[in-house]
Amino acid sequence: METMKKENETAFQALTIIAEMVMKFGQLYVLNISSEDWQHLQSVRNGLEKVIHDNGYQMNYDKNIKQNIIKR
């Protein structure tokens, strides 16, 4: 029996793009960013990771696995 997709479920392709954005945040630590801006950026990153988590996935930081998100 096929599982019904939730009406408001975010598409996997959208989640992978969001995961790519989260990964880009890792490049910011070497740049000169004000502490106020850093707090805003961290809030954005947390929000993006929440979207991924709320859709049943988690970030994958293992460089040996190609996919940036994996099913929880």
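The values are calculated or read from the model by the stated rules, or taken from the named source; none is laboratory data. All figures in this text were calculated on a predicted structure; none of them were measured in a lab. As a convention, Cβ positions derive from the backbone with ideal geometry for all residues, glycine included, and neighbour counts pool all protein chains shown. Side chains are part of the model used for accessible areas, which takes the heavy atoms of the whole protein and leaves out ligands, DNA and RNA. Shrake-Rupley method; radii C 1.70, N 1.55, O 1.52, S 1.80 Å.
For the chain, the set of chymotrypsin sites (Phe, Trp or Tyr not before Pro) satisfying both a DSSP loop assignment and a count of at most 15 other C-beta atoms within 10 Å is given as TYR61.
Give me the percent of accessible area attributable to carbon and sulfur for the chain, probe 1.4 angstrom. Here carbon and sulfur together make up 53 percent of the probe-accessible area. Counting only protein heavy atoms and a 1.4 Å probe, the chain has 83 square angstrom of accessible area per residue.
The 3J(HN,Hα) values that the Karplus relation (6.51, -1.76, 1.60; θ = phi - 60°) gives for the range 65-72 are, in residue order, 10, 5, 6, 6, 10, 9, 5, 6 Hz. Gly and Pro appear as x.
Seen from LEU28, the other residues with C-beta closer than 10 Å to its C-beta sum to a net charge of +1, counting Lys and Arg as +1 and Asp and Glu as -1. Of the trypsin sites (Lys or Arg not before Pro) found in the range 6-68, those in coil by DSSP whose Cβ has at most 11 other Cβ atoms within 10 Å are LYS6, LYS63, LYS66. Among the GluC sites (Glu not before Pro) within the chain, those in coil by DSSP and having at most 13 neighbouring Cβ atoms inside 10 Å are GLU2, GLU7, GLU9. Taking every C-alpha pair closer than 8 Å and separated by at least 6 residues, the mean separation divided by the residue count of the chain gives a relative contact order of 33 percent.
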